[in-house]
1. Based on the Cβ-Cβ distance of R90 and E57, what FRET efficiency does E = 1/(1 + (r/R0)^6) give at R0 = 25 Å, to the nearest 0.05?
2. How would the stretch 17-192 be classified by its alpha-carbon gyration tensor: rounded, prolate or oblate, with rounded meaning a/c under 1.5 and the a/b versus b/c comparison settling the rest?
3. What's the center-to-center distance, using Cα atoms, between the stretch 137-199 and the stretch 7-79 in Å?
4. In nm, to one decimal, how far is the D41 label point from the D170 one, both placed 7 Å along Cα→Cβ?
5. Simple spin-label model, 7 Å along Cα-to-Cβ: E136 to A13 in nm?
6. For each of I142, I76, count neighbouring Cβ atoms within 10 Å of the residue's Cβ, then give the residues from fewest to most.
7. Within the stretch 11-35, what residues put their amide N at less than 18 Å from the label point 7 Å along the Cα-to-Cβ vector of A97?
Amino acid sequence: MTANPPEIYRTRAEITRFFQDNGLVYLKRSRVAWRPLLSMDLSQRDYYCENRDFFEETYHRYARFIKDRYMAPIYIRRIDAKVGYGVFARSNLEKNAFIGEYTGVIQIAEEKSGHELDEGGFESDYSWYYLEEIEEAPTLEINGRFEGNELRFVNHGDEPNVDVEHVLIDGHWILFFKASRKIKADEQLLISYGKAYWEDGWRDLKSL
């Protein structure tokens, strides 16, 4: 018996169709659902001002990619029923190469539960907390479960090759991924979800 060919989505048309077929909305830029955030200029706050030199350097290095909605040459491939899908490099990526903005809905953070999703993974797999605690705001998150891009499928690994970074663009935080080392073509992109992610007491560490 011939095995079924692997599910691979390489081109923009294939990835767009994949999102549509799975009831997902593709976002090139995160959508702000908590509307008061739109009227805030976070560049005037202590967090940015105290780290201005670092954030300005990050801006000069990566802002052009974010403003152009750039996505590195990557593709989505199904791994197995438990893990679901993963993201792989289509060509070599150099260390510190910009991969893409992690997009989703910026909203009030949902209380996470241990609920395992029908499509694989868990409720909190597609969310990153927003990048600054804002005194007059609730706790916010960037939730890519229903709306996002390819990077929502990047899995956790004990030896990650991707770093998560953030930069201020037009007064608001953007979260993006970059290569933490050289990544070879067809190598899976892996990131650390962080120690706290596994310490809720309701899930086991499953890494690649």
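No lab work stands behind these numbers, since they all come straight from the coordinates. Computed from a predicted structure; not experimentally measured. No Cβ is skipped: glycine too gets one built from the backbone with ideal geometry, and neighbour counts run over all protein chains shown.
1. Working: r = 29 Å, r/R0 = 1.14.
It comes out at approximately 0.30.
2. On the way: a/c = 1.86, a/b = 1.23, b/c = 1.52.
Oblate, because a/c is 1.5 or more while a/b does not exceed b/c.
3. Answer, in whole Å: 10.
4. For the pair D41/D170, the computed spacing is 1.5 nm.
5. Calculated label separation equals 5.0 nm.
6. Working: I142 25, I76 20.
Final ranking by Cβ density, sparse to dense: I76, I142.
7. 11-12
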